[in-house]
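Engineer: Pasting a structure below so you can have a look.
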Amino acid sequence: MQKTKKDPYAALRIKEFNIFLLVRFALVFGWSMQFIIIEWEVYSITKNPLSLGIIGLMEVIPAVSMALFAGHIVDQKEKRNLLAICTAAFSLISLGLFFLTLPSFVEGWSQQTILFSIYALVFFGGFLRSFFGPTIFSLIALIVPKKLYPNAATWSSSTWQMASVLGPAFAGFTIAWIGVHWSLCIVFSLVLLSFFLVFLIKRKPILNPKIGEPIFQSLKEGIQFVYKTKAILGAITLDMISVLFGGAIALLPVYAQDILKVGPEGFGALRAAPAIGAFLTMLVTAYIPISKNAGMKLLAAIFGFGLCIIVFGLSSIFWVSIVALFFSGVTDGISMVIRQTILQLKTPDNMRGRVASVNSMFVGSSNELGAFESGLTAKIMGTVTAVVFGGTMTLITVATTGFVNPTLRKLDLTKDLEAHENEES
C-alpha cells in the first residue's frame with residue numbers, strides 16, 4: 001500500500017486512464033488550435049479588433065448560462081457515452097468551420113454571412129464547453145481509485161496544460177505552412193481520433209441515486225453543497241479571484257511592444273514562460289506529494305502568484321519579466337493540482353457534475369472577465385498600475401480568505417487519502 005502511494009506513475013499504470021489522457025490531450029489540443037485559427041480568420045475578414053472580443057463573448061455566454069443545467073444532466077447520465085456525444089458534436093463544429101473556409105464552398109456567400117456563421121458555430125461550441133468540463137471531471141473519478149486522485153489530478157492537469165500550450169503554437173505554424181482551411185482539417189482529424197478513442201473506455205455506472213430528480217431541486221442541492229463545503233468554496237473563490245485580477249497575460253502585447261520593446265519573438269517568450277513553469281511544476285508534483293497541509297500550500301501558492309504578477313508589472317527588464325512570469329506559472333501549477341485534488345476528494349460521486357459546473361461557471365468565465373478587467377483598468381489607470389493593482393488584489397484576497405475560512409487554512413488531505421485507502425482495502 002505504501003509503495004503504491006509513493007509511485008509517481010501510479011495513475012498511469014491504469015490502461016483506461018492513459019486512454020483518457022490521450023482523449024483529453026487531443027480534444028484540448030484541437031480546441032486550442034481551433035480558437036487561434038478562428039481568431040486569425042475572423043480578423044482577416046474584418047480587420048476589426050472588436051470582432052476578436054465578440055468571439056470570446058459568443059463562447060462564454062452559453063458556457064456560463066448553461067453550466068448548472070449541464071451539471072444536472074451529467075449527474076443523471078452515463079459519463080463515457082456522454083463524452084462520446086459531446087466529442088461527436090465538437091467534430092460537427094470543426095467540420096462546419098472546415099467547409100466555411102473552403103473557397104469553392106463559400107464562393108457565393110458574403111463576408112458577413114461567413115462571419116455570422118463562424119460566430120454561430122463558436123456559440124454552439126460554448127454550449128458544448130459547459131458539458132465537457134463536468135463530464136471529464138466526473139469520468140476521472142470513475143476510472144481511477146480514490147487513493148490515486150492526487151496523482152491522477154497531477155497527470156490530467158499536466159496533459160491539459162501541455163495541450164493548451166502546444167495547440168496555439170502549432171496552429172500558428174500550420175496557418176503559415178498550409179493555410180487556415182487545412183489547419184482546420186487537422187483539428188477535425190484530432191477530434192475524430194478522440195471520438196474513436198473514447199470507446200476504448202468502458203461504460204461506467206451511474207452513481208446518482210436520484211435519477212429523475214426535478215432539475216431545480218437538483219441545482220439547488222448542488223449550489224448548497226458547494227456553499228456549505230468551505231474547502232471547495234474557498235478553493236473556487238481563490239481560483240476565480242486570482243484569474244480575474246491576476247490576468248496580466250491579456251496585457252502581454254502592450255508589454256512586448258511598448259514597455260519591454262522586445263518585438264514578436266520576445267512576446268512569444270513572455271507568453272510561453274508561465275505555461276512552461278506550470279507544466280514543469282505539475283510533473284514535479286507527481287514525485288513530491290502535496291496533500292499534507294494542502295490548505296496552507298494553496299494559500300501560499302496563490303500569494304506567490306500575486307507577488308510574481310506585481311514583480312512582472314513593475315519590471316522594465318526583459319529577463320526579470322521572463323523569470324517573474326515563469327514563477328507565476330510555477331505557483332499556478334501548484335495551486336491547480338491542489339484545487340483539483342480538493343474538488344475530487346471532497347465531492348460525492350453523485351454530485352460531481354453539478355460541483356464541476358459551479359466551478360467552471362465561476363472559474364471559466366473569470367478568464368474572459370479577467371481579460372476585460374485588465375483591459376479596462378489599463379485604460380483607466382495605465383498598464384503598469386493595472387497589473388500591479390491586479391497582483392495586489394490577489395494578495396488581499398488570499399489574506400482575507402485565509403482569515404475568514406479557517407477550514408481551508410487548516411485543510412490537510414492526508415487523512416482523506418488514508419480514509420479512502422482503508423475504504424478500498
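Engineer: Hey, if you put +1 on the Cβ of every Lys and Arg and -1 on every Asp and Glu Cβ in segment 234-365, which of G333, C308, W319 ends up farthest toward the positive end of that dipole?
Structural biologist: G333
Engineer: I would also like to ask the following. So if the hydrodynamic radius of segment 102-252 is defined as the Kirkwood radius over C-alpha pairs, what does Stokes-Einstein give as its diffusion coefficient at 20 °C and 1.002 mPa s, in µm² per second?
Structural biologist: Working: Rh = 19.9 Å.
Calculated translational D: 107 µm²/s.
Engineer: In the chain, carbon and sulfur make up what percent of the accessible area (probe 1.4 Å)?
Structural biologist: C and S atoms contribute 70 percent here.
Engineer: Determine the relative contact order of segment 19-126: mean sequence separation of Cα pairs under 8 Å and six or more apart, normalised by residue count, in whole percent.
Structural biologist: Over segment 19-126, the number comes to 38 percent.
Engineer: Also: Roughly what would the spin-label model give for E221 and S104, points 7 Å off Cα along C-beta, in nm?
Structural biologist: Going by the 7 Å Cα→Cβ label model, 5.5 nm.
Engineer: Per-residue ellipticity at 222 nm for the chain, helices alone: DSSP H runs ≥ 4 residues times -39500 (n - 2.57), over residue total, nearest 500 deg cm²/dmol?
Structural biologist: Calculated at 222 nm, the ellipticity per residue is -27000 deg cm²/dmol.
Engineer: For segment 53-107, just say rounded, prolate or oblate: build the C-alpha gyration tensor, square-root its eigenvalues into a ≥ b ≥ c, call rounded for a/c under 1.5, and beyond that prolate if a/b exceeds b/c, oblate if not.
Structural biologist: Oblate.
Engineer: Based on Cβ point charges of +1 for Lys and Arg and -1 for Asp and Glu, what charge dipole magnitude is obtained for the chain about its Cα centre, in debye rounded to the nearest 20?
Structural biologist: About 1080 debye.
Engineer: If you don't mind, another one. Quick check: residue separation of K292 and S189 times 0.36 nm, minus the Cα distance between them. What number comes out in nm?
Structural biologist: 32.9 nm
Engineer: At 0.36 nm per residue, minus the direct Cα-Cα distance, what do W182 and I54 gain on full extension? Give it in nm, one decimal, please. Intermediate values should be presented prior to the final figure.
Structural biologist: Details: separation 128, 0.36 × 128 = 46.08 nm, distance 2.42 nm.
Extending this stretch completely gives an extra 43.7 nm.
Engineer: Rolling a 1.4 Å sphere over the protein heavy atoms, what is the accessible area per residue of segment 84-137, to the nearest Å²?
Structural biologist: Values: 2340 Å² over 54 residues.
Roughly 43 Å² per residue, with all protein chains present.
Engineer: In the chain, which helices (entire DSSP H runs) extend 18 Å or more along their own long axis, judged by Cα positions, while averaging at least -0.5 on the Kyte-Doolittle scale?
Structural biologist: Flagged H segments are 15-46, 49-65, 79-100, 111-143, 149-198, 215-228, 230-245, 263-285, 294-314, 318-346, 365-381, 383-404.
Engineer: If you take the beta carbon distance between E39 and K15 as r and set R0 to 41 Å, what does 1/(1 + (r/R0)^6) give as a FRET efficiency, to the nearest 0.05?
Structural biologist: 0.65
Engineer: Turning to a different aspect of this structure: Can you work out the FRET efficiency for the pair V320 and A399, with r the C-beta to C-beta distance and R0 = 25 Å, to the nearest 0.05?
Structural biologist: 0.50
Engineer: Related question: Calculate the spin-label point distance for K261 paired with L200, positioning each point 7 Å from the Cα along the beta-carbon direction, and give it in nanometres.
Structural biologist: Going by the 7 Å Cα→Cβ label model, 5.3 nm.
Engineer: Oh, and also: If you filter segment 264-344 for trypsin sites (Lys or Arg not before Pro), then keep DSSP loop positions with at most 16 other Cβ within 10 Å, what is left?
Structural biologist: Those that pass, being in a loop and sparsely packed, are K292.
Engineer: Can you check what the Kirkwood hydrodynamic radius comes to for segment 12-153, Cα pairs only, in Å to one decimal?
Structural biologist: Over segment 12-153, the inverse of the mean reciprocal pair distance is 16.7 Å.
Engineer: Let me know the whole percent of all Cα-Cα pairs from the chain that are separated by more than 30 Å.
Structural biologist: 43 percent
Engineer: OK, next. Multiply the residue separation of A272 and D412 by 0.36 nm, subtract the distance between their alpha-carbon atoms, and state the gained length in nm to one decimal.
Structural biologist: Extending this stretch completely gives an extra 47.1 nm.
The values are calculated or read from the model by the stated rules, or taken from the named source; none is laboratory data. Because the structure is a prediction, the values reported are computed rather than measured. Every residue, glycine as well, gets a Cβ built from its backbone with ideal geometry; the counts of neighbours run over all protein chains shown. For the accessible areas, the whole protein counts, side chains as well, though only heavy atoms, and no ligand, DNA or RNA atoms are used. Shrake-Rupley method; radii C 1.70, N 1.55, O 1.52, S 1.80 Å.
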